[in-house]
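Worksheet: the structure to be examined is printed underneath.
The values are calculated or read from the model by the stated rules, or taken from the named source; none is laboratory data. All of these numbers come straight from a predicted model, not from anything done at the bench. All Cβ positions, even for glycine, are placed from backbone atoms using ideal geometry, and neighbour counts span all protein chains on display.
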Amino acid sequence: MATVSPLIFHPRKTAVSGPRDAYGRTMNYLRISLTDRCNFRCMYCMPAVGMQFQPREELLTDDELIRLVGLFAETGVTKLRLTGGEPTIRPHLVDLVRQFKSFPNIRELSMTTNALLLSRIAGDLKDAGLDRINVSIDTLDPVRFRFMTRGGRFDMVWAGIEEADRVGLGAIKLNSVVLRGQNDHEVAEMARLTIDRPWQVRFLEIMPMEGVGLVYDEGLVTSEETHLELEKHFGPLEQLPAHPSDPARMWKIPGAQGTIGFISPMSEPFCDTCNRVRLTADGNLRLCLLHSDELNLRDRIRSGATDAEIVATIRGGIWRKPWGHHVHERQMHTVRGMSQIGG
Ligand code: SAM
Ligand code: SF4
């Protein structure tokens, strides 16, 4: 397998805090979409047919990506999450992880994955410097799993989770988008995983992203409904203190080793504590998941911009990061689907 070229950028200094936006929020967290492609077609993320993928020449090369991550680190970004599409199908993933983690400012590197291919590479990812993973898994029923992911293999995903746990990519977090009539009757089974494992099971509200509007209309289950359903099975859940910039509201089943998180973008938006921006696979700095305001960093790189110019562009872009969204009014300011942004 080819490897990416040696480190091409060395940060000049250690920034003390991330760049700020006009509302005073500090952005120290970058989510990087490594590809817009995926080996699943989850019903809440992609349409069944008609998905358009970008030509490969429009995606950032490894060297461009490494250079940009170094420049984000220089602005004060300390935390990275690799996502997609499906990040494990990006060629040279292990080498990219190693390069990203070699920037001194990068203190935490995690990945969100569907885990289909994880069991083969979890150990290499850990050795290369990956700290943690989140796995998207919406059901423990293999037949339903195949239906919801439109073809996914539950046994392979579960093997990936167990291997990640074994090699120390924990504490494992499992993300489950709760959909009415699909997996909403199974939330207690998912939550039960936390009783004797130190994992975090997180229940997400579906968002009406491009291409999944009908699934949203029929499927949204609020966190409050999921919470009530869990309490029918386990009695009152214990509330835990939340980290201020973590969108999950944390609870646990009394006596359980692990925890339960609720992520409620529809019923309880969390713009005030947002500390994240995104880099799309085609090299756009995306300021908010739910707004299409983006800055094209790839073209600046390809037209010869200096490091200082790109850093200035990143800082200027972050300054104008928006606040609030209009998802309830269905006036979405985005034409990208979730798989093209990375969640
Ligand atoms: N393929 C990887 C995975 O599934 O974990 C990473 C990319 S995926 C787009 C990132 C996260 O977005 C997943 O946890 C997925 O459940 C979530 N997601 C996708 N579509 C969503 C939607 N319409 N509403 C809420 N979450 C969504
Ligand atoms: Fe792929 Fe992740 Fe979207 Fe599922 S949620 S289709 S695994 S990108």
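Here Thr306 passes the criteria (1) within 17 Å of the chain's Cα centre (by Cα); (2) of a type in the set (Val, Ile, Thr); (3) over 19 Å from Leu174 (Cβ atoms) except the one numbered (1). Applying the condition of being more than 16 Å from ligand 1 (Cβ to nearest atom) and at pLDDT below 85 to the range 297-325 and asking which residue is surrounded by the fewest Cβ atoms within 10 Å (Cβ to Cβ) yields Gly324. Kindly evaluate Leu71 against the criterion of being of a type in the set (A, V, I, L, M) and within 16 Å of ligand 2 (Cβ to nearest atom). Against the criterion (of a type in the set (A, V, I, L, M) and within 16 Å of ligand 2 (Cβ to nearest atom)), Leu71 does not qualify. Would you mind finding the one in Tyr23, Tyr29 that is more than 16 Å from ligand 1 (Cβ to nearest atom) and among the aromatic types (Phe, Trp, Tyr)? Every option except Tyr23 fails the conditions. The set of residues in the range 122-137 that are more than 16 Å from ligand 2 (Cβ to nearest atom) and either among the aliphatic types (A, V, I, L, M) or in contact (Cβ under 8 Å) with a residue 60 or more places away in the chain (or both) comprises Ala122, Leu125, Ala128, Leu130.
Pick from the range 326-343 the residues that are part of a loop (DSSP other than H, G, I, E, B) and surrounded by 16 or more Cβ atoms within 10 Å (Cβ to Cβ): which of them is modelled with the highest pLDDT?
The qualifying residue modelled with the highest pLDDT is Gly337.
Checking the conditions here, which among Leu116, Leu140 is closer than 27 Å to Glu205 by Cβ, touching a residue at least 12 places away in the same chain (Cβ under 8 Å) and surrounded by fewer than 18 Cβ atoms within 10 Å (Cβ to Cβ)? Exactly one of Leu116, Leu140 is closer than 27 Å to Glu205 by Cβ, touching a residue at least 12 places away in the same chain (Cβ under 8 Å) and surrounded by fewer than 18 Cβ atoms within 10 Å (Cβ to Cβ), namely Leu140.
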